[in-house]
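Peer 1: Can you keep this structure in mind? I'll have questions shortly.
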Amino acid sequence: MFYVRAFNHSLLHALKNLLPIVIVVAFFQIAILQQLPENLFSMVAGLFVVAIGVALFLQGLELSIFPLGKSLSNQFARRGSLVILLAFGFAMGFSAVIAEPALIAVAEQAQTISGGRIDSLTLRVLVALSVGCVVALGVFRTIFGYPIHWFMIVGYIIVVIVTWFAPEEIVGLAYDSGGVTTNVVTVPLIAALGIGLAASIRGRNPLIDGFGLVALAVMVPMVTVQVYGMLVYSGSAEAEGVPLSPDVGETKPSGVVGALLDLVTMIRDVLPIIITVLFFQYLVLRRKLPNPRKVIFGFTLVILGLYAFVIGLKMGLFPIGTSMAEQLTARDNYLYVYLFALMIGFATTMAEPALIAIGRQAEEAAGGTLNGNVIRILVAVGVAVGITIGVHRIITGDSIHYYIMGGYILVVGLTLIAPRYIIALAYDLGGVTTSEVTVPLVTALGIGLASSIDGRSILIDGFGLIAFASIFPIVTVMAYAIASQYLAEPRKETP
């Protein structure tokens with residue numbers, strides 16, 4: 001009965017979170033496009049399936065990934081072996097990313113658009129190695145209590161410098177590759193690893209020292225992919241991009257066969273993480289899983305939740321999202337495109353399962369001093385503003401270099417003056433925004449705009465919107481913390 005009540009609560013919560021997307025789509029279909037979608041019933045059914053998927057997924061997290069990540073971190077910390085902890089961090093980061101579906105999709109699109117200059121497998125391995133190394137670095141930081149802001153400031157200064165020298169064909173792809181490394185499975189698991197480790201070490205604060213691993217996992221692939229691009233595009237003429245629309249790709253089976261293949265894909269995405277956990281639990285720690293039936297049941301719910309989530313997106317949001325993007329870009333007035341980017345950015349972010357999960361983790365780590373709903377709204381506003389600015393860049397044809405470099409210079413400046421307790425969380429929230437809901441819609445919008453506006457390159461201009469969706473939530477969250485601290489100071493001084 002407890003699980004049923006918890007599921008019903010999660011389902012109602014998920015339906016409420018999806019309401020903004022319904023409102024945005026209905027507004028544009030009726031008020032702007034003045035027509036009802038042909039697949040209206042499918043869309044409504046798809047949204048309900050998405051809600052069921054989110055509810056199952058969140059229930060599975062609470063039963064498996066969250067407690068397992070914290071338990072492993074606690075056991076490793078008590079064992080006191082730095083080498084094993086770093087090896088666990090590397091293995092967890094690599095295994096979580098190498099099979100990441102969003103990264104696979106972006107890498108395959110990049111290979112097609114670049115005419116084969118960029119190899120999809122090489123790109124994925126580079127990103128996975130980067131994330132593995134950087135999660136190990138984050139574990140090292142947590143153990144020794146080094147401030148996260150110095151890692152982020154130095155890291156993003158390197159990112160900005162590399163961006164200045166990187167070829168324009170690779171910049172947007174590099175930032176998008178960093179953004180898509182974090183999904184609804186990897187984010188909670190990596191966050192649970194950091195928070196569990198910080199909670200088990202005396203003198204560490206879960207909010208200050210536990211968060212930050214996700215942010216590092218987003219940042220470092222940006223550097224490695226841009227360096228890879230320098231090697232690929234050095235000393236030769238520019239590659240001619242192969243036109244690609246959002247719906248181009250291999251014809252996939254439909255019906256029962258397609259549904260079964262989707263389920264196999266979900267299992268494949270979670271399998272590397274399960275293998276890593278079992279390897280360290282049984283062969284390194286030489287201990288049995290605590291409450292294995294509960295953990296297995298939790299992972300089953302995670303897989304079924306992800307499966308229902310993806311099926312619901314395909315039924316409901318993807319077709320209507322792609323159709324609306326094409327219809328809006330076909331109009332002469334780009335004001336509607338800006339408005340759509342702003343509203344859909346906010347709506348999709350509010351529905352992100354990973355953001356909901358991290359909001360709960362932040363509330364717990366902060367002991368109730370932070371409100372998860374306020375955090376989600378701040379992040380959603382940041383994503384909405386970021387995507388709108390990114391859309392403006394595509395429409396005007398400006399170079400992405402200056403936008404990205406300017407954005408991260410602003411982030412570094414805010415990091416220097418922001419309260420210490422919010423820095424790691426703010427950077428993690430920037431990575432959380434680019435997950436299963438946001439990435440497909442935002443990628444389709446960027447490629448659709450670049451392919452429909454004369455003079456735009458799909459490879460140069462089509463990618464990069466995900467990067468904007470990652471930068472500006474960091475700005476809004478840190479700016480809110482700075483303003484809150486400034487407003488609270490006079491109150492402390494008055495008797």
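Peer 1: Determine, at each q value in 0.11 (inverse angstroms), the log₁₀ of I(q)/I(0) that the Debye formula gives when each Cα of segment 1-89 is one equal point scatterer.
Peer 2: Debye curve over Cα of segment 1-89, log10 I(q)/I(0) at q = 0.11 Å⁻¹: -0.55.
Peer 1: Using 7 Å Cα-to-Cβ label points, what is the Tyr3/Ile157 separation (nm, one decimal)?
Peer 2: 5.2 nm
Peer 1: Count the net charge of all other residues whose Cβ sits under 12 Å from the Cβ of Ser200, scoring Lys and Arg as +1 and Asp and Glu as -1. Don't jump to the answer; show the numbers that get you there.
Peer 2: Details: positive: Lys70, Arg78, Arg79, Arg202, Arg204; negative: Asp209.
Combined, the nearby Lys, Arg, Asp and Glu give +4.
Peer 1: Counting other Cβ atoms within 10 Å, which trypsin sites (Lys or Arg not before Pro) in segment 139-235 have at most 14 and lie in a DSSP loop?
Peer 2: Sites meeting the loop and neighbour criteria: Arg202.
Peer 1: Treating the Cα atoms of segment 27-161 as identical point scatterers in vacuum, please give the log10 of the normalised Debye intensity I(q)/I(0) at q = 0.13 Å⁻¹, two decimals.
Peer 2: Each listed q maps to, in turn, -0.90.
Peer 1: While we're looking at this one, here's another question. By per-residue mean of other Cβ atoms within 10 Å, what is the highest-first order of 370-380, 421-431?
Peer 2: Sorting 370-380, 421-431 by mean packing, highest first, produces 421-431, 370-380.
Peer 1: Non-local amide H neighbours of Leu289 (under 5 Å, H modeled in plane, Pro and chain starts lacking H): which ones?
Peer 2: none
Peer 1: A further question follows. What ranking, highest mean first, results for peptides 398-411, 334-347 when packing means the other Cβ atoms within 10 Å averaged over each residue?
Peer 2: Ranking, from highest mean packing down: 334-347, 398-411.
Peer 1: Residue by residue, what Karplus-based ³J(HN,Hα) values in Hz, rounded to whole numbers, does segment 155-166 have, using 6.51, -1.76 and 1.60 with θ = phi - 60° and x for Gly and Pro?
Peer 2: x, 6, 5, 5, 4, 5, 5, 5, 4, 4, 9, 6
Peer 1: Further, regarding this structure: Based on the mean of other Cβ atoms within 10 Å per residue, sort peptides 303-315, 118-130 so the most packed one is first.
Peer 2: 303-315, 118-130
Peer 1: Next question. For segment 15-67, what does the equivalent ellipsoid look like in terms of its semi-axes, each the square root of 5 times an eigenvalue of the Cα gyration tensor, given largest first in whole Å?
Peer 2: Each semi-axis is the square root of five times an eigenvalue, giving 31, 11, 6 Å.
Bear in mind that the values in this text are calculations on the coordinates, not laboratory data. As the structure is a prediction and not an experimental result, all values here were calculated from the model. Neighbour counts are summed over all protein chains in view; Cβ atoms, including those assigned to glycine, are modelled from backbone coordinates with ideal geometry.
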